[in-house]
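Submitted below is the structure of interest, expressed as C-alpha cells.
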Amino acid sequence: MTNKIYAPDITLCALCTGLLFFPHIVMEGGTDGLVGVITGTVLALILSVFSANMQTENKILLALFFAVSLVSGGMFLRIYSELISLVLLPEYPSWLIAAAMLFVVLYGSSKGNNAGRRFAALTAPTVFFAILVCLLPAAKNADIKTLLQKPEYPYRSISAGAVLLLPLLLFYTQNEKQCAKRTFLSLFLAVLPCIAAAGVWQARFGYPSAQPVLDLMYSGNASSFIRRQEGLILAIITFSAYFLLSSMLRCAAYPFGNKKYKYALCSVLMLIISSMPKNAGISREIFYMTAAVGMAVFTILIPIIKKVTK
Amino acid sequence: MRKVSKNLSENIKYINEKFKDCGDLVSREFTAGNGRKVFIAYFDDLSDREMLERQVIHGFMVDVLFEQNTENALITADIKENNDIDSCIEEILSGNAAVFVEKREKAVIVSAKKVPSRGVNKPDAEISVQGPQDAFTESMRTNTVLIRRRIRSSRLKCIQLKLGRTTLTDTAVMYLDGTADMNVVNKIITKLKNIETDSILDSGYTEQFLKTKRTLFPLVQMTERPDKTAAGLIEGRIAIVCDNSPFVILAPAVLFSFYQASEDYYQTWQTASFVRMIRIIAGLAAFTLPGLYVAVAMYDPSMLPAELSLHIAGARTGVPVSTMTEVTALELAFETLREAGVRMPAAVGGTLGVVGGIIIGQAAVDAGLVSPMVVIVTAITGICGFSIPSQQLTSAYRLIKFAVIAVSAVLGIYGFMLSLICVFIHLCSLESFGLPYIYPLGRKSGFKDTFIRLPLKKQSENEPAFSPDMYNSRKNGQ
C-alpha cells in the first residue's frame, strides 16, 4: 500500500465530516467556527492516517482507540440517520435507517480493504463534484473576516492546539510531500462547505437554525428540474457517509485482530450507541469534545510511548 | 499406461474390447507389401476415409522400405508415433487414425480429422454494421486458423489441452508471447488442467470452472468474433478456444471490456466515443431506472416537477396494486417475453415481439392493470439492456435490477443509494486474474479506451493494457 492510495480516503472522510459536522460548529461557534473546522479536519486526518499505520500492542491504547472510534462512529451515525429520517423517510425510526446503513457498511467491510480503497477512489471525484455544484452558490453570503477570531470555548482551544500537532503526522507517513499534499487537500475540502455554511448562517443572522445542515442544502441550486434537492444532496453524500462509517468501523475493529466476528460486533455496538435516547445519551457538545480530545491524545501519546520504549 | 504390444493380436483384441458395440468404428487388418501384418482403426465420418485409403493403406501395401522407417511409407504431412495404447484410443476418438504394425512397439497416429462442421458464417450475437463479418465455428482448428490469419506472428502461441474425462474436449490456450502476463497464462493453464468433470460440452462450461468468486458479473469475456479475439490477444489477454463451441473465452476481463464493441474501432473516434458514452449510461440505467422510479414514485414524488408528479399520480388512478408490484410484475413479464422470443422459431419470434410488446402492453394499460409510465420505464430499461454489446453483462444487470427495486421499495431513495453502494462495493471487490474489475477507474491513466475511444494514433500498442504486472508496476510507481 502506498500513501497515494489513501488520498481518496482522506478526501471522502473530510468531505463528509465537513458537510455534516461543520455547519453545526459554524452555527454554534460563530466567530471561531472556522478555526474549529480546520482543527476538526486535521484531527480527522490524523485519525485516518493513524489507523492506517497503527503499530501498537498496548492494550490500554487499543481499548481507548476502540472506544473513541466506536463513539465517534455511533454519534456520526446518529446525526446522519436523524437527517435522513427528517428529510427522506419521516415515517421510519432513525434506528432502522442506521441499521440499514450499518448492514451495508458490514457488507463492505467483509469485502476487504482493497475494495474499500477502490470504492473511495471511484466515488470521491463524483461525490465531490456533485456536492460542489450544489453548495457553491451558498458561499456568496460568507464574510470570512468575521470568522477569524480568537477561540473562546475550552474544547475549541484544545482542538485549536491540535493544529500545532500537524508535524506529528511525520511519524505516521512514509513520504513528507504526500503528507503535505493530502493535508492541504483535506483542509481545502473541509473549508469549502464551511464557507458555504457560514454564508448560510450570515444570511440568516438573527434566525438561528435548528438544522444548519439542511439550511446549507436548501441554499444550493443543482437544477431547476429537481425540487427538494436537499433530499438529493443528502442521498449523494450517503456515499461519503458510508465511507466515513466504514473507516470508523475498521478503526473500532482493529483491536480484535483477525477474529471473524469483529465487524459484526462493532456494528452492533455502534448501532446501540447511535440509538441511545437523547436524554441519557451523548449530546453533540460532548461528542465533539470527546472526538477532539481523544484524537488529540492519540497524537501525543503514541509518539511519546514510541520514544520512551525505544 | 498400457504399452503397445509387439504382438499385433493383443493390440487388436484390446482395441476391440474397448470399442465393443461401437458400430461406427472402422477397423481393418491387412498385409503390407513386405508381408507384415498391419491393423488400422478409425471412426467412420470422423476421419477422412478417402485420405486413409489413398495415403495410408495404399502406402503400406506398396512400400517395402518401411521396415527401416515406418513414416516413409506414408505420404501424409502429419504423423507421429505413440507407444501408449490408451493414448492411441484417445487419438482415434479425436478423429485421427491409429496404425499398428506387427512386431513394432509403437503405433503410428495419422492426422485424418474430417469433423463435420458448418462453414464460417456471420456472427449471430455480436452483429456489426462495419467491419469483418466472420464468426467462430464449432471446430477448434477452424477457430485457431481464423485467429492466426489476423496475427501472423511466431509470438502467437497455442497450447493444447484435453478437458473432461469423458468428452476429452480439445482446448487451445492462445496468447502473445512477450505481451501477455505469463503468470496469468500459467494460472489459466493450471486451472484448466485441474478441472474435474466428465464433460466440457461448450466454452460456457469452461467459463464457469474458471470463475473464482461468487458473483453475477462475468469475470471472463465470451466472444464469437475473431477480430475481437485478435485485438484482445494484442492487448495482452489470453484466448481459450474450446472444440464444439463457437464462443471463445478472453481473460482477463474488466467491466469496460463488456462495453466495447468491435465496431468502435472501425468508425471515427468521435462516433465511437459518442456511442460508447451512450452504452455506459444505458448500462447504468439498465439496472437502476426501475428502482429509481419506484423510490421517487413511492416516497418522494415531490422531487419531480409539479406537472410531472401530478401526471404520474393521475396515470396511476385506478391501478389496484402498489408501484413496486406494478414495476416488478411488468419486469417479470418482459423477461418472460424475452425468453419466449429466444425459444421461438425465427418466423414466429418477430410476431410474438409485436404481439407481446405492443398489444398486450396496451391492453394492460387500457384495462387499468398498470400505468403507462411503468410501461415506458420497463421498455426503456429493456432497450438500455439491449444496447450493451455483451449478453453476459446484460444478464447480470437483469438480476440485479430486481434487488434494487426491492430495496428502493422499502427505503426509498436512501435505499436506492444504499443498493448502489452495495453494487459498487461488489464491483470494487472483484478481480479478474489479478486485475481489478473496475480498472482503470480510480487510477490516473488507462482511460484512452474506456468512457471514450481516443484516436488510434494516441493508443499505444506498446503498452498492453491487460497485464497485471504492468498494473502493479504503475501502482507502485505512483
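The values are calculated or read from the model by the stated rules, or taken from the named source; none is laboratory data. Quick caveat, the model's predicted, so the values are computed rather than measured. Note that we place each Cβ from the backbone using ideal geometry, even for glycine, and neighbour counts take in every protein chain shown.
The conditions are (1) under 26 Å from B:Q260 (Cα atoms); (2) modelled with pLDDT of 90 or more, and B:L163 fails exactly one of them. Which is it?
It is condition (1) that B:L163 fails.
Inside the range B:200-221, can you point out the residues that are of a type in the set (S, T, Y) and either touching a Pro at 6+ places or on another chain (Cβ under 6 Å) or modelled with pLDDT under 90 (or both)?
Across the range B:200-221, the qualifying residue is only B:T212.
For B:T288, state whether it is within 14 Å of chain A (Cβ to nearest Cβ), closer than 28 Å to B:I127 by Cα and out of contact with any Cys (no Cβ under 6 Å at 6 or more places or on another chain).
It is true that B:T288 is within 14 Å of chain A (Cβ to nearest Cβ), closer than 28 Å to B:I127 by Cα and out of contact with any Cys (no Cβ under 6 Å at 6 or more places or on another chain).
Do we find that B:F274 is in contact with a Leu (Cβ under 6 Å, 6 or more places away or on another chain) and either loosely packed, with under 15 Cβ neighbours inside 10 Å or modelled with pLDDT of 90 or more (or both) in this structure?
No; evaluated as a whole, the condition is false for this residue.
Rundown of residues vs (1) assigned to a helix (DSSP H, G or I); (2) over 32 Å from the mean Cα position of the chain (by Cα); (3) more than 23 Å from B:D243 (Cα to Cα), yes/no style:
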| residue | (1), (2), (3) |
| --- | --- |
| B:E81 | no, yes, yes |
| B:D86 | yes, no, no |
| B:E90 | yes, no, no |
| B:F100 | no, yes, yes |
| B:E105 | no, yes, yes |
| B:V108 | no, yes, yes |
| B:V115 | no, no, no |
| B:R118 | no, no, no |
| B:K122 | no, no, no |
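OK, next. Counting just the residues of the range A:95-120 that are in contact (Cβ under 8 Å) with a residue 60 or more places away in the chain and under 14 Å from A:S275 (Cα atoms), which one comes out surrounded by the most Cβ atoms within 10 Å (Cβ to Cβ)?
A:M101
Can you find a residue in the range B:243-262 that is more than 28 Å from B:L399 (Cα to Cα) and within 14 Å of another protein chain (Cβ to nearest Cβ)?
Checked against the condition, which is being more than 28 Å from B:L399 (Cα to Cα) and within 14 Å of another protein chain (Cβ to nearest Cβ), the range B:243-262 yields no hits at all.
On to the next question. Just a yes or no: is a residue in the range B:185-199 crowded, with 21+ Cβ neighbours inside 10 Å, in contact (Cβ under 8 Å) with a residue 40 or more places away in the chain and part of a helix (DSSP H, G or I)?
There is at least one residue in the range B:185-199 that is crowded, with 21+ Cβ neighbours inside 10 Å, in contact (Cβ under 8 Å) with a residue 40 or more places away in the chain and part of a helix (DSSP H, G or I).
Report whether or not B:L330 is closer than 15 Å to B:V375 by Cα and within 14 Å of chain A (Cβ to nearest Cβ).
No, not satisfied.
Starting from residues that are within 10 Å of the chain's Cα centre (by Cα) and not in a strand (DSSP E or B), keep the ones in the range B:211-224 and report whichever is farthest from B:R150 (Cα to Cα).
Per the criteria, the residue is B:V220.
For the range A:74-100, which positions are within 8 Å of another protein chain (Cβ to nearest Cβ) and either under 30 Å from B:F451 (Cβ atoms) or over 17 Å from the mean Cα position of the chain (by Cα) (or both)?
A:L88, A:L89, A:Y92, A:I97, A:A100
May I ask you to list the residues in the range B:431-462 that are modelled with pLDDT of 90 or more and either surrounded by fewer than 22 Cβ atoms within 10 Å (Cβ to Cβ) or within 8 Å of chain A (Cβ to nearest Cβ) (or both)?
Residue satisfying the conditions is B:E431 alone.
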